[in-house]
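Trainee: Here it is: the structure, laid out below.
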Amino acid sequence: MDWRNLVDNLSLWYSEFINWYSVQPIYGQVLSIIGIIAVLALTVTIVYYIIKGVAYLVYYVLKGIFYLLKGIGLLFFKLSEGLYHLISGEIKPGKQTQNDNLQITRSVSNTITYCSECGKRLSEKMINQMMSQTIAYCVNCGKGLKLIEYQTPSIPTP
């Protein structure tokens, strides 16, 4: 690339623009400056949104590919896990049926005095509700308390 030729062409175009600009009346000069600024702002805005659109396109394509590969990997994992349980004869562990929000409170001779979650003393109303419905919620922490009878394991005597 010939740099001297490029600089000569740029200086020629610049001098032509300055000659044209100086011939214009004052309102023409102001309007041409406003027009140049508007064209530059429009160009910058268009370039910004094109770059932003391409970036979003690349992001969502990569995100889609990631989720697709993750789903395929999960499929192979579940298939191999099922095949393992089928071949080995082990029973697949099931989901818990109890609510995870419920906390178990053990009672010794029907005296429940403290929440197992926050350690605050239970009110008489809460104790009565727990005795009648076997489930009550702590007024302090909001955790569910479930009543089960505490049984001491019997130790066999030799």
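Trainee: Given the structure, is Tyr27 surrounded by fewer than 10 Cβ atoms within 10 Å (Cβ to Cβ) and either in a helix (DSSP H, G or I) or touching a residue at least 24 places away in the same chain (Cβ under 8 Å) (or both)?
Mentor: yes
Trainee: Regarding the range 54-65, can at least one residue be identified that is over 22 Å from the mean Cα position of the chain (by Cα), assigned to a helix (DSSP H, G or I) and among the small types (Gly, Ala, Ser)?
Mentor: Checking the range 54-65: not a single residue is over 22 Å from the mean Cα position of the chain (by Cα), assigned to a helix (DSSP H, G or I) and among the small types (Gly, Ala, Ser).
Trainee: Which residue pairs have Cβ atoms under 8 Å apart, sit 6 or more places apart or on different chains, and have a first residue in the range 4-17 that is of a type in the set (Gly, Ala, Ser) and a second that is not in a helix (DSSP H, G or I)?
Mentor: No pair meets every condition.
Trainee: Let me ask another. Taking Gly71, is it at pLDDT below 95, farther than 30 Å from Cys141 by Cα and assigned to a helix (DSSP H, G or I)?
Mentor: Against the criterion (at pLDDT below 95, farther than 30 Å from Cys141 by Cα and assigned to a helix (DSSP H, G or I)), Gly71 does not qualify.
Trainee: Pick from the range 85-138 the residues that are part of a strand (DSSP E or B) and of a type in the set (Val, Ile, Thr): which of them is modelled with the lowest pLDDT?
Mentor: Among those residues, the one meeting the criterion is Val108.
Trainee: For the structure I just gave you, tell me whether Ile18 is at pLDDT 95 or above, among the hydrophobic types (A, V, I, L, M, F, W, C), out of contact with any strand residue (DSSP E or B) (no Cβ under 8 Å at 6 or more places or on another chain) and surrounded by 10 or more Cβ atoms within 10 Å (Cβ to Cβ).
Mentor: Against the criterion (at pLDDT 95 or above, among the hydrophobic types (A, V, I, L, M, F, W, C), out of contact with any strand residue (DSSP E or B) (no Cβ under 8 Å at 6 or more places or on another chain) and surrounded by 10 or more Cβ atoms within 10 Å (Cβ to Cβ)), Ile18 does not qualify.
The values are calculated or read from the model by the stated rules, or taken from the named source; none is laboratory data. Keep in mind it's a predicted model, so treat the numbers as computed, not measured. A quick note on method: Cβ atoms are made from the backbone with ideal geometry, for glycine too, and the neighbour counts reach across all protein chains shown.
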